[in-house]
Amino acid sequence: MNSEPFLIEPSDENDESHGTSVGDDTVCCESPVINLMIVDDQELVRAGIESILEYEDDFRILFSTESPSKALESQVLPQIDVALIDSRMPEMPGSELIARLRKSAPHIRSIMLTAFDEDDNLVASIKAGAAGHLLKDASADEIIDAIRRVAAGGQAFGEAETERLVGLVAAQGDGIAEQGRRSRGEEQSGSEKSDRQSDTSPSSLAEFGELSEENQRIASMAATGKTNREIAAAVCMSTGTVRNHLSSIFSLLGVRNRTELAVLLHD
C-alpha cells in the first residue's frame, strides 16, 4: 500500500476526488468548507478517518500523510483550517508537531487523536496548543462535531478527557487550597515577603485557593472546555454572569484564556 501523502488541489470544475465535490457552488454557499489535514503514521487509521469525513459536505481533506515533517513542509498549510494529529509518531510526538504548527501556521487549529488514555498525553496536547483531544475510538459523530466546533473557534474534548481534566483540576485545587492555608500561617509568623519569594509554585496557584468555592467550580469547568452556557446551566446563573466571573478569575490568576487556565491548574 502506498503511504505517500496525498494532496487534493482545489478545482474550478466538478472534482470528485476523494469523495468530495469541491466544485459544487451550492454546497460552498450553504456552508463554509473546512479544509482538513490528517497526520498519522498508521495508514489504516488515516483511511478510517478519511472514510468518516469525506462525505461531509462542509469538509475537504486537502492533505493526508504519515510524516510530521511532510506536514510542516506542505504547500497547502495556508489553506488548512483544522489538523487531526496522532499523539505518538516515530518521527516526532504529536504535541511537538502541534507546537511547531502554531509557530509556522498559527491559523491552523489542531485536534489530538490518541489511542492512549493517559493524563500526561492530555496535558502535553493542551500545553502544545491543541484545541481538542479525542480518543481514537470516539464515535464518528464525536469526531465530526469536534472538527466543526474547533473550526468555529471553540474547544473539543471527549467525555473521557473532560472527566480526567475535572479530576486533575480538582486534585490540584485541593493541593492549592492546602498550600494557601500554609502560606497564611507563614505570613502570620511575620515573614510574609520571604515566604512568598521562597515559594517555588507560581503565586497565581496560591491565589486559586483564595477563590470562593463557586469560582473554583467555575474555573474548573472552564478549564475542561465547558462553554459559558454549559457552566451557567450547572451553577444556575446567566451566561453574562458567568462571563463576569471568568473575567475576574482570569485577571486574578494571570491567565488569558481557558487553555492557559487548564495548564496552570495542572502544573
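The values are calculated or read from the model by the stated rules, or taken from the named source; none is laboratory data. As the structure is a prediction and not an experimental result, all values here were calculated from the model. Cβ: placed from backbone, ideal geometry, glycine included. Neighbour counts: every protein chain shown. Surface accessibility is based on the protein's heavy atoms, side chains included, excluding ligands, DNA and RNA. Shrake-Rupley method; radii C 1.70, N 1.55, O 1.52, S 1.80 Å.
A few remarks follow.
- The range 54-151, relative contact order [Cα under 8 Å, separation at least 6], %: 24
- In the context of the full protein assembly, ASP137 retains an accessible surface of approximately 130 Å², using a probe radius of 1.4 Å and ignoring ligands and nucleic acids.
- Residue ranges 57-68, 74-85 sort as 57-68, 74-85 when ordered by packing (mean number of other C-beta atoms within 10 Å per residue, highest first).
- Rough spin-label spacing in nm, given labels placed 7 Å along Cα→Cβ, for ARG88 and SER212: 4.5
- Pair ARG256, GLU73: separation of 7 Å Cα→Cβ label points (nm): 3.2
- Length released on extending from ARG100 to ASP145, taking residue separation times 0.36 nm less the Cα-Cα span: 13.7 nm
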